[in-house]
Each structure stands twice: as structure tokens, then as C-alpha cells.
1. Classify the stretch 146-254: rounded, prolate or oblate, from the alpha-carbon gyration tensor (a ≥ b ≥ c, eigenvalue square roots; a/c under 1.5 rounded; otherwise prolate if a/b is larger than b/c)?
2. What is the extension gain from Leu113 to His243, computed as 0.36 nm multiplied by their sequence separation minus the C-alpha to C-alpha distance, in nm to one decimal?
3. Under the 0.36 nm per residue contour assumption, what length would be gained going from the current alpha-carbon distance of Ser104 and Ala37 to full extension?
4. So for the chain, averaging the separation of alpha carbon pairs under 8 Å that are six or more residues apart and normalising by length, what relative contact order in percent results?
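What follows draws every value from the coordinates through simple rules; no lab data is involved. Everything numeric here is computed off the predicted structure, so don't read it as measured data.
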Amino acid sequence: MRTPVVAAAFVSAMVFGTCAATLPARVLARETTATPAVAVAPQYGTTHVYVAPEDVDRFAASFVATFGGQSTKQVVATVTPTPSSTTSQLLQTPAGTVSLFGFSTPVPYPFGLERNGYLVSDMDIAVRAAQAAGASVIVAPFPDPIGRDAVIQWPGGVNMQIYWHTTKPSYAPFRTVPENRVYVPADRAASFMRSFLAFSHGRVESDNAHAPGVEIGRPNDTYRRIRMSSAFGRMAVLVTDGHLPYPYGHEMTGYEVAHLTDTLDKARAAGVRILVEPYRSEGREAAIVQFPGGYIAEVHAPVSP
């Protein structure tokens, strides 16, 4: 007899907009209407990092020294639909990939505001699927030197780039899949999740309405944290009131490593600053770091209870 009550509550929330933000994630996932599947695999998702040209080499060296891996050859290209020039390279590590840009010209709007890029199997289908799922296309598809790109925005103001390659790439799977860390306000959490789950064909792994506030720099409070996964990769949706002490909210990606202490030692030796010292919460030990050039990231490792 519980299902009709939940369904009625869902319909009421959709009609009146009063309680959708508090609905369990499993309800949102169940009510989502799926769109065509366009994701390829997690190793084709990249975090977009923009640094000043003079910081490009320092950032690349410190990121690879921290996580391992290698950089592709640096090229100079136009990666926007309007005139611009940037260095461009991929930093490919076992814990995650960065698309690194060092613009020598002003960065055309809205580039620099997108958090990441996802490879899709078909650009036109992906754009239609994103729109059907509730996203806005804020940069229509355009050609780049190796394929096509578009920028989309999800409810809650979350910008992402989707891309397609003329020649299909082949990257090794990650050793550990990074976590896309998305901060959204409570009144947009339901619509963001409904939209992204439909687009990604994702699933909710956990939904904790009282997650430890230490994870967002507020150890005396709790907040809502939803973890999801899909063929695009992992995502943590952090639902907050926006009262976030620095540097929380600036980190776009969480990188999982085997041993946090060892990784932080490598990071320090490479010139990386530790902004939040390691802390433990619900099976993780985590810290927040800042790389040369300003990029801020969360780093975590599993720990035994």
C-alpha cells in the first residue's frame, strides 16, 4: 500500500513544486524517462582545467607527479566556435584525465565555466537527448580540430561539454574512476538528478540525507549527499544551502587513490598545496589540494571502518 502514497507525493511535488527536492533519489530514478544511450565509457570523461599560459607546464608536471600517467603532446589550437588560441593537451592518469588549456587570448564566453567533457557516441543524438532530458544547449554543436563539441547546462546551472571524435579514440580504463562533484541547491536537486539520470541512464548508489558536514567543511552540521554512477562515470551530488567555507565548492573532481598519505607526499614534493588536511568520513579518508596554476581537487582513499 506504500507505492500509491509515494507516487501521489511525487505527482504533487511535480505539480506544486513544494517537495520535489526532498524526494528520495530512488523515487526520482524510478520516475525518470530514459533517453537514447550516448555514453561511451568513464575513461573518456575529462575535467576541464584552464590555467594561465605560464602555469601550464608546472601544472602538468605536478598533476602527473601526483597521480602518475603521462601527457599527450601539447598543441596550439582553436577549441571554441569563435576566434581564440590556446595550448591544449590531455593529462592521462590512472585516477582521472584532465583537458588542460592555456589560453593566450581572452576565453570566449561561456568557455571556462564548463566543468568537464564527456565523449558521446553521436553528437546530434546526444544533443537531442540532453534537451529531452531537460538540459539547455548553451553552445550549439561546432567543429573542433578532431571532431565536434557542444556545451549544455543542466537544471541548477551545471555546465558540461559533450564531444565527439572523427576518429574513435581508444584509452585504457581508469584504475579508479574519478568522481564528478556537483554542488546544487536544494530547490534544484530533484530536477538536476531527474534530468541527468535520464540522459546518462545512470543509477543512484546512495542517498544520505544526513551526511557528515565535515565533508563540506561544516563538522557540526549535516547535509544531503547523493552518489550516482553511469557509463559516463561517477558523480557526487552535494545538496547544500551554499554556506560553504573555502575551498569547498571549488573542487570539481574527486580522485580516488590507493593510499592517501603516499599521494599527498608526492603532491607536496611536486609543489601542490594541501588546503584541507586529511579527515575521515564514512569509509573514506579525504583531503583537498591546490595545484600550481590554481586548480583545486579532492583526493580520497578507502579506509576500513
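1. Prolate, because a/c is 1.5 or more and a/b exceeds b/c.
2. Working: separation 130, 0.36 × 130 = 46.80 nm, distance 2.08 nm.
Result for the pair: 44.7 nm of gain on full extension.
3. Full extension from Ser104 to Ala37 adds 20.4 nm.
4. 19
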